[in-house]
1. Tell me, what ³J(HN,Hα) does each residue in segment 26-36 have, in order and in whole Hz, if you take phi through Karplus 6.51 cos²θ - 1.76 cosθ + 1.60 with θ = phi - 60° and put x for Gly and Pro?
2. How many nm is it between the label spots at residue 25 and residue 72, if each spot is 7 Å from the Cα in line with the beta carbon?
3. Across segment 165-170, in residue order, what do the Karplus-derived ³J(HN,Hα) couplings come to in whole Hz, using 6.51 cos²θ - 1.76 cosθ + 1.60 with θ = phi - 60° and x for Gly and Pro?
4. If you put +1 on each Lys and Arg Cβ and -1 on each Asp and Glu Cβ, how big is the dipole of segment 57-137 around its Cα centre, in Debye rounded to 20?
5. Taking amide H positions as placed 1.01 Å from N in the peptide plane, with prolines and chain starts having none, which residues 5 or more places from residue 227, or on another chain, fall under 5 Å of its amide H?
6. Would segment 134-188 count as rounded, prolate or oblate if I go by the C-alpha gyration tensor, calling it rounded below 1.5 in a/c and otherwise prolate when a/b exceeds b/c, oblate otherwise?
7. How many nm separate the modelled label positions at residue 217 and residue 106, each set 7 Å beyond the Cα in the direction of the Cβ?
8. First measure r as the distance between the Cβ atoms of residue 198 and residue 36, then evaluate 1/(1 + (r/R0)^6) with R0 = 51 Å and state the FRET efficiency to the nearest 0.05.
Amino acid sequence: MVRRMIPAAVSDPPPSAAASARRFSGHGLVCIRGERIVFANLNLTLAPGEALLLLGPNGSGKSSLLRLMAGLLRPAAGSLAWDDGPVREDPERHHARTRYVGHTDTIKPVLTARENLAFWAKVCANEDDTRATLQARTDAALDRLALARLADVPGRMLSAGQKRRLNLARLLAAPAPLWLMDEPTTALDKGSVATLEAIMAEHRATGGMIALSTHLDVNLPGARVLNLDDFAVDAATAYGLHEDRHPEDLRA
């Protein structure tokens, strides 16, 4: 099971040849939602093959951090970058390298399971992906998540667990190096959790990276732990951060 380590485990690991090719990092991240500072001065790194487990109580910022990493939110301060440049300088490149699966299922109710997955595969396709390639990925993803027999069933008729598996199938139908997963085991039975764990292990074995939040035990060997509670701020610090904000801090 995941080994829960002290916050020091979040510090930068020694660089490797593989990591230098495609390394993702965040430095001095501050997240403000409404008038509340969710977390501040947060640093993280992910290198090929690594996994980061986000822990913390509700409201500590796990979902917000994943959305920041996905480029769906901007940090109030701090920066996100790949080894070849800041996210803000090439957001399209960043989006091509990341796949975000939120805690809610974004299934189009009138489309079948296959049509839903084919849509995402096409939206995220590379220029050199052929129609045959996209179809093969879609079919393989449906099969891997035990959805092949439900391929022609409309999204509105799928159960909660089936919808969750369909959302997770997007990771296989539209490959990317960095997977950002918010409570991915929600509504999954034990067999589906085991399948997800195997898929995540395979992704990491080929150089993929994972950042994941969960309230349940997940078999994620060697994952580093980031406890969001360690980056909460007291009232005095919060006031200072609000006062020190500058326009240039609003760039991701």
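Quick note: the coordinates plus some simple rules give every number you see, no bench work behind them. Remember, it's a predicted structure, so these values are computed and weren't measured experimentally. Glycine also receives a Cβ, built like all others from the backbone with ideal geometry; neighbour counts cover every protein chain displayed.
1. x, 10, x, 6, 10, 10, 10, 10, x, 9, 9
2. Using points 7 Å along Cα→Cβ, the separation is 2.6 nm.
3. 5, 5, 5, 5, 4, 4
4. Values: 12 positive and 10 negative charges, 77 e Å.
Once rounded to the nearest 20, the dipole reads 380 debye.
5. 55
6. Working: a/c = 2.26, a/b = 1.09, b/c = 2.08.
Judged from the Cα gyration tensor, segment 134-188 comes out oblate (a/c at least 1.5, b/c at or above a/b).
7. Simple spin-label model gives 3.3 nm for this pair.
8. On the way: r = 38 Å, r/R0 = 0.75.
The calculated FRET efficiency here is 0.85.
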